[in-house]
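No value in this document is a laboratory result; all are computed from the given coordinates. Because the structure is predicted, anything quoted here is derived from the model rather than measured. All Cβ positions, glycine included, derive from the backbone under ideal geometry; neighbour counts span all protein chains shown.
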Amino acid sequence: MVEFTRTVLPNGLRVLVHEDHTTPLAAVNITYYVGSRDERDDKTGFAHLFEHLMFAGSKNVPDFDDPLQRAGGENNAYTTNDYTTFYEIVPAENLEVALWLESDRMLALSISKKSLDVQRKVVVEEFKETCLNEPYGDCWHHLSDMMYHVHPYRWPVIGLTPEHIEGATVDDVRSFYRNWYTPSNAVLSIAGNIRTADALLLAEKWFADIPAGPAILHNAPPEPPQTAHIRKEVRGNVPVPAVYLAFRTPARLDPDFYTVDLLSDILAQGHSSRLYRRLLKEKQAFSQIDAYITANIDPGLLVIEGRPATGVSIDDALAAIWEELELLKKEVIEERELKKIQHRFESTIVFSETSILNKAQNLGFYEILDRAELMNEEVETYLAITPEEMHRVANEIFRAENAATLVYLPAVES
């Protein structure tokens with residue numbers, strides 16, 4: 001149980017504070033409710049670009065890292081389809097330094113042609129390195145395009161093409177900043193060896209005078225149901241063939257999301273999981289196999305990816321995966337197997353809550369998702385799932401017409 005207080009400043013900034021006196025540190029996390037889903041289809045990659053631009057300096061802080069390092073702190077950030085997170089970890093007595101830094105770039109980020117040119121070059125190089133020059137690196141460009149046709153999840157977080165970032169103007173990014181990086185579109189969460197009253201005074205000192213910003217609507221169009229299986233083969237610079245089998249899944253707040261999450265664990269969580277044990281160890285059909293969910297706020301994906309073993313054809317490898325999925329659909333899972341996964345999940349959550357950074361980040365995420373109290377309720381939701389629910393959802397999800405298959409093959413030598 002993570003206890004916290006919630007205070008909403010007049011400008012709309014939600015401030016969540018959790019006291020943890022077992023550590024000498026404090027974690028500061030700001031979650032902005034903006035991700036790649038909030039971009040235009042001709043200007044993709046902007047949310048990720050801003051993750052970088054937010055470190056380019058602000059009115060009173062030309063070098064973000066320097067004062068933080070002198071305060072004994074560290075920082076980082078990440079971007080998702082749905083939100084962007086920035087965080088600092090500092091000695092608790094230097095909490096104000098982190099709050100000052102975050103408030104200055106929320107109020108007065110320095111967006112100049114020079115800073116944009118520098119960060120644009122960094123992001124374009126990252127795009128080329130991770131997507132264009134890395135084997136299988138463009139898999140999310142293909143999967144997103146195959147599984148989404150209306151919703152903005154149809155492009156990956158890094159963007160559709162580097163040309164969108166290369167073409168970004170100073171006016172483009174200033175407009176994006178003014179619209180999304182505002183108190184009313186953010187959650188500030190603070191966790192660590194602090195007193196709640198003191199932390200709130202500092203939050204008010206540094207953030208209360210920042211203008212709220214415009215009212216924002218997140219109105220991404222819903223993706224229509226999929227009605228037919230999609231298959232795509234890509235030949236490229238890959239060392240061995242690979243398969244990706246993706247299924248549409250419910251939204252993050254849908255009650256069935258939790259069941260889908262456990263299904264992915266049944267399939268590929270640890271060496272006793274079904275896909276690892278049966279397809280990799282026993283049948284030796286794969287040299288590598290995994291399954292995971294995207295956990296998007298809107299309906300997302302469950303993805304099974306694997307590298308067929310030498311001598312195993314693509315069709316045989318896919319048939320082996322489908323055979324395991326059909327077993328999940330045919331037979332109700334044993335209580336013992338389900339309880340093992342549920343208890344492993346519970347222990348993972350308990351362990352993660354020993355980290356003040358995890359607690360600060362989770363408070364921010366759940367507050368953006370719905371309400372921060374949900375983070376204290378979800379373990380019971382997972383533990384209450386029954387074998388019958390697993391069986392029902394497996395039959396709803398693991399259908400060919402709800403899926404897409406992406407196959408990578410090595411380029412044909414001339």
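General remarks:
- Length, then width, then depth: along the principal axes, the Cα atoms of the range 198-280 run 57, 36, 33 Å.
- If a spin label sat at a point 7 angstrom from the Cα of Ala220 along the line to its beta carbon, the backbone N atoms of the range 149-175 nearer than 15 Å would be those of 149-160.
- Burial ordering of Glu88, Glu326, fewest other beta-carbon atoms within 10 Å first: Glu326, Glu88
- When you filter the trypsin sites (Lys or Arg not before Pro) in the range 150-196 for DSSP loop state and at most 12 other Cβ atoms inside 10 Å of their Cβ, you are left with Arg195.
- The relative contact order of the chain, computed from alpha carbon pairs under 8 Å that lie at least 6 residues apart in sequence, is 22 percent.
- Gyration tensor over the Cα atoms of the range 230-410: the corresponding equivalent ellipsoid has semi-axes (square roots of 5 times the eigenvalues, largest first) of 30, 19, 16 Å.
- Under conditions of 20 °C and 1.002 mPa s, the range 5-207 yields 120 µm² s⁻¹ as its translational diffusion coefficient, taking Rh as the Kirkwood radius over Cα pairs in the Stokes-Einstein equation.
- Using a cutoff of 8 angstrom between alpha carbon atoms and counting only pairs six or more residues apart, the relative contact order for the range 303-414 works out to 37 percent.
- Most positive-pole-ward Cα, Ser347, Pro211, Pro387, against dipole of the chain from beta carbon charges: Pro211
- Dipole of the chain computed with +1 at Lys/Arg Cβ and -1 at Asp/Glu Cβ about the Cα centre; of Met375, Ala26, Leu53, farthest Cα towards the positive end is Leu53.
- Remark: for residue pairs Lys43/Lys114; Lys59/Lys128; Lys121/Lys359; Lys43/Lys121; Lys59/Lys205; Lys59/Lys113, the C-alpha separation exceeds 22 Å in Lys59/Lys128; Lys121/Lys359.
- In plain terms, the residue of Leu201, Leu25, Leu16 with the fewest other Cβ atoms within 10 Å comes first and the most crowded comes last, giving Leu201, Leu25, Leu16.
- GNM flexibility winner over the chain from Ala320, Ala246, Ala27 (Cα, springs under 10 Å): Ala320
- For the range 364-409: span of alpha carbons on each principal axis (Å, largest first): 43, 30, 17
- Using a cutoff of 8 angstrom between alpha carbon atoms and counting only pairs six or more residues apart, the relative contact order for the range 230-410 works out to 39 percent.
- Largest mean-square fluctuation among Thr22, Thr169, Thr85, in a Gaussian network model of the chain whose springs join Cα atoms under 10 Å apart, belongs to Thr22.
- Between Lys283 and Arg6, the distance separating the two model label sites (each 7 Å from Cα on the Cα→Cβ line) works out to 4.7 nm.
- DSSP-defined antiparallel bridges as percent of all bridges, the range 5-207, nearest 5: 80
- Ascending count of other beta-carbon atoms within 10 Å, so fewest first, for Ile297, Ile304, Ile349, Ile190: Ile349, Ile297, Ile304, Ile190
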